[in-house]
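First up is the structure itself, then whatever we jot down about it.
The values are calculated or read from the model by the stated rules, or taken from the named source; none is laboratory data. For clarity, every value in this text was computed on a predicted model and none was experimentally measured. A quick note on method: Cβ atoms are made from the backbone with ideal geometry, for glycine too, and the neighbour counts reach across all protein chains shown. Ligands, DNA and RNA are stripped out before the accessible areas are found, and what is left, the full protein with its side chains, is counted by its heavy atoms. Shrake-Rupley method; radii C 1.70, N 1.55, O 1.52, S 1.80 Å.
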Amino acid sequence: MTARGTDVLVIGAGAVGAAVAHYCTLQGLSVRVVDRGAPGGGTSSRCEGNILVSDKERGPELDLANYSLALWHGELAEHAESWELERKGGIIVASRETSLVSLRRALTAQREHGIEVQEIDAEALLALEPHVSPGAVGAAFYPDDSQVMPMQVVAHLLALARGRGAEVLPYCEVTGLMREGERIIGARTTRGDLPAGAVVDAAGPWAARFSALAGVHLPIAPRRGYVMVTEPLPPRVFHKVYAAEYIDDVGTSDTSLQSSPVVESTPAGSILIGSSREQVGFSDAISREALQRIAANATALFPFLRDVHVLRHYHGFRPYSPDHLPAIGADARATGLWHATGHEGAGIGMSVGTGKLLAQALAGHRPDLDLDPFDPARFGDAAPAGGPR
Amino acid sequence: MSEIAAVVVIGAGPAGLAAAAEAARGSDRVLLVDAGPRLGGQFWRHGAKDDLPQAPAPRWHHGWDTYLELRTDLERAEAAGRLEHLASTHVAALDVREDGLLALHLALSPTGEQLTTLLAETVVLCPGAYDRQLPVAGWTLPGVMAAGGVQAFVKVQEQVPGRRVLLAGTGPFLLAAAASVLQAGGEVAAICESGDLTGWVPRGASAALVPGKGREGAQYAALLVRHRVPYLRRRVVSRIHGTDRVESVEISRADDRGAQVPGTAQVLEDIDVVGLGWGFVPQAELLLQAGAASRLDVDGSLVGVVDGEQASSVPGLFLAGEITGVTGASGAVAEGRIAGRAAAGRVSGRAAESSRKDASARSRHRLFASAMHRAHPAPAGWADSLDEGTVVCRCEEVTLAEITAARDELGARDPRSLKGVTRAGMGMCQGRICAAAMTCFGTDPLEAARTTAKRPFALPLTLGTLASAEEGTE
Ligand SMILES: Cc1cc2nc3c(=O)[nH]c(=O)nc-3n(C[C@H](O)[C@H](O)[C@H](O)COP(=O)(O)OP(=O)(O)OC[C@H]3O[C@@H](n4cnc5c(N)ncnc54)[C@H](O)[C@@H]3O)c2cc1C
Ligand SMILES: Cc1cc2nc3c(=O)[nH]c(=O)nc-3n(C[C@H](O)[C@H](O)[C@H](O)COP(=O)(O)OP(=O)(O)OC[C@H]3O[C@@H](n4cnc5c(N)ncnc54)[C@H](O)[C@@H]3O)c2cc1C
């Protein structure tokens, strides 16, 4: 069975796929989105909703983060309530003199890049976060760090796209691609063939598998992370609070377990505590060690948490990219194939920027930001068997 | 116990007591773990003084002799050093390790403190069930309880949680709960049964298969007649009234789907407790954590798949009691015996001696239970004429209107998506109370039941406890 063709077929209804769909319909393109599960059922419902500039280093990633932040608070501001957007501000806490020194170094560089950040001393920190550990020696405050509820982002972006004619097909898995010569002209799915002018890979951590169907190498790998959720409490954590060591974890490519605390409250009163990073494939085997370390770190940062109950924990697989940059744009190796994936731990925050830039390119316009640094073909072809990984 | 346990039995209700008693005949490293302070589970729940020597049998209990026999067996095994009972201890999580051992993460109940890990060669999981609840206007008022909660209150406190009680929902358990209220000196205003019980007639033979059940039922019936308690068929609670707590209850006729028929409302005044029960939901979180195969039973419950030896699909994990299907206490005992023997047999390598008596008791109770479930279905139409503003998720205060809007406008068509968009099921009870309701919003009933039953911790743990957790044997 072959359905009516669309200009764009988006594979994956996570935050990134939903944002691509939304912006493509704004460009006047006809859009169909497929997901093999329920929309938002992938990583975008197994994460936290931080929109951070504080953890970014200067370069294309920071540019994309800033571009996205401006969209969240700018043209998307009218929807702020539907996805619980809140400009909470982030605080990075240093508990040792040595981490304070590296934090200062990072601040200086970020400030040069136009990020708004203030260094605050222990006393000012306690004024902002009265329950933080008294052992903290200093901190940095980022007033722009924000938060959204990721599942609501996906649901509402898709609803906006549907409102402009997009079709969303859940429980529809892509099993192959349709070709005309070398050109990709649609996808074969468990619900029939879906022809399209452009096929967009928004398959998140499964992007490598999807790309393999298209015959291209895209080394996006799953990087697992745990989050714990506490019982609902009266407000006692007022910002997004991280330990200075978090920044180091984000930037590493180490595959072993790392964990540093990220603590934030939600509008429902629960506190979310993240997070760990480890490369164990798509394993669902529970790591008691990861949970233990997250709990130990969080209670060190906020001692009152010791007596607070954890109701549940969950884990997701960040779409990890070897050079920490997402893959966004047309794939020079396969005409008709485009990518929007590999945002690792920042795909919620950067979803809207990614969607808007890709939609501009798909519509034949020059994107607001240069997409070259995100070129999907930059990883080259797969390393030869037996060669270095 | 410093070594690896041979058999750990989780739950000390009818199934677990029988499993532990049998396991201790074949093994000398048996551990019985229960979250409660005393043996007995839901069915033989009792107060401290009921355990004193020479204490009279509590008048609301059935099969108390069986309880005493099982307790005596366990005491003997304990004295012989073959068995240990860990009371007030919750199994918060259950992992299957790569080496095939089962790891149990234990914490004190109910505080969730002192996490320890225990390794076991086999586990017999008998965690029982809790009352299935469905939303109705006014059900968040103080004085509205689960029918099982009303009965548990009587069993432990030896008094009624109020003065005049209305019981409503479906199933013979409403009769048992009413009987306990009457025996404890309370008044029962009425029992509203949503079904019309015609289901029992063609399959009436099943009741005759289990004589004990017939006797229990006849005793309840006599008691209700003596106290002139109205037993109203095809009647559902349509609204509970009250300002600070329950004052009166509006009941309506029910149609074939169990939905209230508009215009048939009648108000029962002067009620201070409402006990609602739509059958039971097995506690499946540990089953799902272990990754064991599950299926939907006749009553829509998610239950574990077992073979003739009560073995689950996970090697070394056995299941007995409500977790394999809600069949009642005597069926649970038969299953427990079979599972306990099989678990000890697996460890010793000696094939378990099969007991024809237990196996046939098990089949009789299962037949009886399916007839009962068919006669008392949880009403498919519970939401048909429910007020839009009725709260479905009590913890997060999510209304029916919010859920249907998320379904119709945002395309959230399964419990997990609905939870993500509305927070229904994310609160303190982790979806235990709204599970039955939320499952109905799914398009795939089995998947929906699994989603709403999935919980990574069976008991909330403090961060301090988690932070100081250490791997290894206790
Ligand atoms: C613990 C944790 C915490 C995080 N915290 C944050 C945070 O605070 N802020 C932030 O910005 N980011 C955070 N992230 C990262 C963020 O979750 C991801 O970057 C983002 O969700 C990726 O979105 P996506 O749309 O690319 O992928 P996904 O949401 O995974 O969507 C991909 C979709 O593709 C579908 N799919 C795959 N293959 C196929 C196929 N063959 N056919 C059909 N469909 C297919 C999948 O079913 C899936 O729904 C966190 C991640 C984790 C794990
Ligand atoms: C409130 C209530 C009242 C009932 N009253 C009647 C009645 O009057 N008549 C009738 O015929 N049937 C009644 N039933 C049904 C009857 O109790 C069951 O058929 C029978 O008890 C099933 O036995 P079981 O061993 O499977 O479970 P249960 O008796 O429920 O025992 C399960 C035990 O497991 C423990 N447990 C559960 N999870 C954990 C964990 N993670 N860690 C440690 N321990 C755990 C619990 O504390 C409990 O003691 C009632 C059920 C309920 C819920």
### Task
Go through (1) open to solvent by 30 Å² or more (accessible area, probe 1.4 Å); (2) in contact with an Asp or Glu (Cβ under 7 Å, 6 or more places away or on another chain); (3) more than 8 Å from every other protein chain (Cβ to nearest Cβ) one by one and return the number of the condition residue B:442 breaks.
(1)
### Message
Given the criteria more than 7 Å from chain A (Cβ to nearest Cβ), surrounded by fewer than 23 Cβ atoms within 10 Å (Cβ to Cβ) and without any contact (Cβ under 8 Å) to a residue 24 or more places away in the chain, does residue B:447 qualify?
### Response
no
### Task
Could you check how many residues of segment A:298-329 are open to solvent by 50 Å² or more (accessible area, probe 1.4 Å) and more than 7 Å from chain B (Cβ to nearest Cβ)?
3
### Task
Could you tell me which of the residues A:46, A:58 is touching a His at 6+ places or on another chain (Cβ under 7 Å), near ligand 1 (Cβ under 9 Å from one of its atoms) and either open to solvent by less than 10 Å² (accessible area, probe 1.4 Å) or under 27 Å from residue A:339 (Cβ atoms) (or both)?
A:46
### Message
Of all residues being assigned to a strand (DSSP E or B) and not aliphatic (A, V, I, L, M) in segment A:209-244, which is modelled with the lowest pLDDT? Just the residue, please.
### Response
A:242
## Note on the structure
Of (1) open to solvent by 10 Å² or more (accessible area, probe 1.4 Å); (2) in contact (Cβ under 8 Å) with a residue 24 or more places away in the chain, residue B:20 satisfies every one except (1)
#### Entry: Yes/no for residue B:470 being at pLDDT below 95 and part of a helix (DSSP H, G or I)
no
### Query
Inside segment A:4-43, can you point out the residues that are more than 7 Å from ligand 1 (Cβ to nearest atom), away from every other protein chain (no Cβ under 14 Å), among the hydrophobic types (A, V, I, L, M, F, W, C) and open to solvent by 10 Å² or more (accessible area, probe 1.4 Å)?
A:26, A:29
### Message
Tell me whether segment B:25-35 contains one or more residues that are crowded, with 18+ Cβ neighbours inside 10 Å, among the β-branched types (Val, Ile, Thr) and more than 16 Å from ligand 1 (Cβ to nearest atom).
### Response
yes
### Query
Considering only residues of segment A:269-286 that are open to solvent by 20 Å² or more (accessible area, probe 1.4 Å) and within 22 Å of the chain's Cα centre (by Cα), which is nearest to residue B:428 (Cα to Cα)?
A:272
### Query
Among the candidates B:151, B:133, which residue alone is buried (at least 20 other Cβ atoms within 10 Å of the Cβ) and either assigned to a loop (DSSP other than H, G, I, E, B) or more than 10 Å from ligand 2 (Cβ to nearest atom) (or both)?
B:133
### Neighbours by Cβ (under 6 Å, 6+ apart or cross-chain): first from segment A:328-354, within 25 Å of residue A:381 (Cα to Cα) and within 16 Å of ligand 2 (Cβ to nearest atom); second in a strand (DSSP E or B) and hydrophobic (A, V, I, L, M, F, W, C)
none
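Which is open to solvent by less than 20 Å² (accessible area, probe 1.4 Å) and not in a strand (DSSP E or B), of B:118, B:39, B:70?
That would be B:70, the only listed residue that is open to solvent by less than 20 Å² (accessible area, probe 1.4 Å) and not in a strand (DSSP E or B).
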### Message
For segment A:109-132, give me each residue that is among the small types (Gly, Ala, Ser) and either in contact with a strand residue (DSSP E or B) (Cβ under 7 Å, 6 or more places away or on another chain) or touching a residue at least 60 places away in the same chain (Cβ under 8 Å) (or both).
### Response
A:122
### Message
Can you go through A:174, A:200, A:229, A:168 and tell me which one is touching a strand residue (DSSP E or B) at 6+ places or on another chain (Cβ under 6 Å) and in the same structural domain as residue A:290 (by TED's automatic domain parsing)?
### Response
A:229
### Task
Would you mind telling me which numbered condition in (1) closer than 29 Å to residue A:308 by Cβ; (2) in a strand (DSSP E or B) residue B:112 fails?
(2)
### Message
For segment B:291-314, give me the residue count where each residue is within 28 Å of residue B:379 (Cα to Cα), touching a residue at least 60 places away in the same chain (Cβ under 8 Å), over 15 Å from the mean Cα position of the chain (by Cα) and open to solvent by 40 Å² or more (accessible area, probe 1.4 Å).
### Response
3
### Task
State which residue pairs qualify: first residue free of Cβ contacts under 8 Å to residues at least 40 places away in the same chain and inside segment A:206-229, second residue within 11 Å of ligand 1 (Cβ to nearest atom) in any location, beta carbons under 8 Å apart, and separation of 6 or more residues or different chains.
A:208/A:220; A:209/A:203; A:213/A:174; A:213/A:175; A:213/A:176; A:213/A:177
#### Entry: One residue from B:433, B:403 being more than 12 Å from chain A (Cβ to nearest Cβ) and open to solvent by 20 Å² or more (accessible area, probe 1.4 Å)
B:433
### Every residue from segment B:69-90 that is of a type outside the set (Asp, Glu) and within 20 Å of residue B:120 (Cα to Cα)
B:74, B:77, B:81, B:82, B:83, B:85, B:86, B:87, B:88, B:89, B:90
### Message
For segment A:85-107, give me the residue count where each residue is at pLDDT 90 or above, under 14 Å from residue A:53 (Cα atoms), open to solvent by less than 80 Å² (accessible area, probe 1.4 Å) and of a type outside the set (Gly, Ala, Ser).
### Response
3
